[in-house]
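J.: Shown below is the structure under consideration.
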């Protein structure tokens, strides 16, 4: 039995979010929450909301014990890229890529 939560179109690059994903992968849900809350990264805010959502899904939808939950799987992929233009010298234009991410978090229950 597993519970999952997905957040799409997070306005942050996947590379920055992967740092937090690597910290919490395989940890207990409470320990993962503590790591996220004490890590000074901007990616921690959407990850905290996502972990809370996954725990709520496990408790309410799948009737799992919240004390036995652990982060079974967490991965981040690229979302749509917003393309913007910044003016540069001599009338040239410079393209800026504003990247987004899709994050998936799966919680499992320890035996």
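J.: Condition first: surrounded by 15 or more Cβ atoms within 10 Å (Cβ to Cβ) and touching a helix residue (DSSP H, G or I) at 6+ places or on another chain (Cβ under 7 Å). Now tell me which residues in segment 40-52 satisfy that.
T.: Within segment 40-52, 43, 44, 47, 48, 51 meet the criteria.
J.: Where residues in segment 53-74 are touching a helix residue (DSSP H, G or I) at 6+ places or on another chain (Cβ under 7 Å) and farther than 18 Å from residue 25 by Cα, which of them is surrounded by the most Cβ atoms within 10 Å (Cβ to Cβ)?
T.: Ranking the candidates gives 64 first.
J.: Now, a different point. Being part of a helix (DSSP H, G or I), more than 11 Å from the chain's Cα centre (by Cα) and closer than 27 Å to residue 98 by Cβ is the requirement here; does residue 50 meet it? Let's see the steps before the verdict.
T.: On the way: part of a helix (DSSP H, G or I): yes; more than 11 Å from the chain's Cα centre (by Cα): no; closer than 27 Å to residue 98 by Cβ: yes.
No, not satisfied.
J.: Given (1) at pLDDT 95 or above; (2) touching a strand residue (DSSP E or B) at 6+ places or on another chain (Cβ under 7 Å); (3) surrounded by 13 or more Cβ atoms within 10 Å (Cβ to Cβ), where does residue 8 come up short, assuming only one miss?
T.: If we test residue 8 against (1) at pLDDT 95 or above; (2) touching a strand residue (DSSP E or B) at 6+ places or on another chain (Cβ under 7 Å); (3) surrounded by 13 or more Cβ atoms within 10 Å (Cβ to Cβ), just (3) comes out false.
J.: Quick check: is even one residue across segment 1-9 in a loop (DSSP other than H, G, I, E, B) and more than 28 Å from residue 111 (Cα to Cα)? Spell out how you get there, then give the answer.
T.: Restricting attention to segment 1-9, the residues satisfying the condition of being in a loop (DSSP other than H, G, I, E, B) are 1.
The next check asks that each one be more than 28 Å from residue 111 (Cα to Cα); those that pass are none.
No.
J.: Select from segment 82-111 the residues that are under 23 Å from the mean Cα position of the chain (by Cα), more than 16 Å from residue 46 (Cα to Cα) and surrounded by 10 or more Cβ atoms within 10 Å (Cβ to Cβ) and write down the one among them that is modelled with the lowest pLDDT. Spell out the reasoning first.
T.: If we filter segment 82-111 for residues that are under 23 Å from the mean Cα position of the chain (by Cα), which is where we start, we get 82-83, 97-110.
Within this subset, residues satisfying the condition of being more than 16 Å from residue 46 (Cα to Cα) are 82-83, 97-98, 107-110.
Those still in the list that are surrounded by 10 or more Cβ atoms within 10 Å (Cβ to Cβ) too: 82, 98, 107-110.
Numbers: 82: 97, 98: 97, 107: 96, 108: 96, 109: 94, 110: 91.
Checking each candidate, the answer is 110.
J.: Residues in segment 54-74: is at least one part of a helix (DSSP H, G or I), within 12 Å of the chain's Cα centre (by Cα) and closer than 12 Å to residue 105 by Cα? Walk me through it before giving the result.
T.: Residues of segment 54-74 part of a helix (DSSP H, G or I): 54-60, 66-68.
Subset that is within 12 Å of the chain's Cα centre (by Cα): 54.
So of that shortlist, the ones also closer than 12 Å to residue 105 by Cα come out as 54.
Checked against the condition, which is being part of a helix (DSSP H, G or I), within 12 Å of the chain's Cα centre (by Cα) and closer than 12 Å to residue 105 by Cα, segment 54-74 yields at least one hit.
The values are calculated or read from the model by the stated rules, or taken from the named source; none is laboratory data. Fair warning: this is a prediction, and the values are worked out from it, not measured in the lab. Counting neighbours? That spans all protein chains shown, and the Cβs are built from the backbone with ideal geometry, glycine included.
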